[in-house]
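These notes concern the structure reproduced below.
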Amino acid sequence: MTAATGASAGTVRRRLRELRAGGVLHFDVDVGLTAFDVPVRTLRWLTVGIDALPAAGAALAARLEVAFAAGVTGSGNLFASVSTRDTPALWRFLTSVVGALPGVRDVETVPALRPVKGAVALFPRPSAPRARSPRGARER
């Protein structure tokens with residue numbers, strides 16, 4: 001990093017520490033699911049009665065097996081990414097956890113056979129318009 005920036009190691013460390021402390025810089029680690037003994041990953045689209053959607057979403061999101069859950073639009077209105085140790089654990093999750101969620105009318109489960117990307121895309125914020133200098137002031 002120091003060679004790329006031309007700054008000393010101490011300066012780079014300080015700047016990285018400041019960026020992390022300011023909430024600007026975050027680190028995410030992408031680890032293979034087999035390292036955590038959860039090699040079966042499935043994507044779930046649930047159709048839930050609109051009156052039960054907040055409770056079903058909160059209950060689903062509270063489960064350790066659920067890496068991501070969100071209310072969505074389309075044929076289902078609740079989405080979840082679920083990881084389990086094996087297919088019997090997947091079956092137990094589907095029948096005991098998903099089956100017990102309030103208002104669930106339909107579930108579509110799709111196995112992720114070969115994930116090719118697991119991170120989210122970052123989109124830059126639109127830049128704020130530059131403030132105009134007062135008349136006669138020099139811009140540097």
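Sort the following peptides by mean Cβ neighbour count (other Cβ atoms within 10 Å, averaged over residues), highest first: 9-17, 74-82, 102-110. If you can, show how the numbers build up before the last one.
Details: 9-17: 11.9, 74-82: 18.0, 102-110: 13.6.
Highest-to-lowest ranking by the protection proxy: 74-82, 102-110, 9-17.
Net charge around L46, counting only other residues with Cβ within less than 9 Å of its Cβ (Lys, Arg = +1; Asp, Glu = -1)? Mind dumping the intermediate values first?
On the way: positive: R44, R105; negative: D106, E108.
Once positives and negatives cancel, what remains is 0.
For V116 and A7 in one chain, what is 0.36 nm times their gap in residues minus the Cα-Cα distance, to one decimal in nm? List each step's numbers first, then the result.
Numbers: separation 109, 0.36 × 109 = 39.24 nm, distance 3.56 nm.
Here the segment from V116 to A7 would lengthen by 35.7 nm.
Ignoring everything but the protein chains, give the 1.4 Å probe accessible area of L25 in square angstrom, nearest 10.
50 Å²
Modelling each spin label as a point 7 Å along the Cα-to-Cβ direction, I'd like the R105/R20 distance in nm, to one decimal.
About 4.8 nm separates the two model spin labels.
The values are calculated or read from the model by the stated rules, or taken from the named source; none is laboratory data. These numbers were taken from a predicted model, which means no experiment stands behind them. Because the Cβ atoms are built from the backbone with ideal geometry, glycine has one as well, and the counts that use them run over all protein chains shown. Each accessible area value is taken on the protein alone, full model and side chains, heavy atoms only, with ligands, DNA and RNA left out. Shrake-Rupley method; radii C 1.70, N 1.55, O 1.52, S 1.80 Å.
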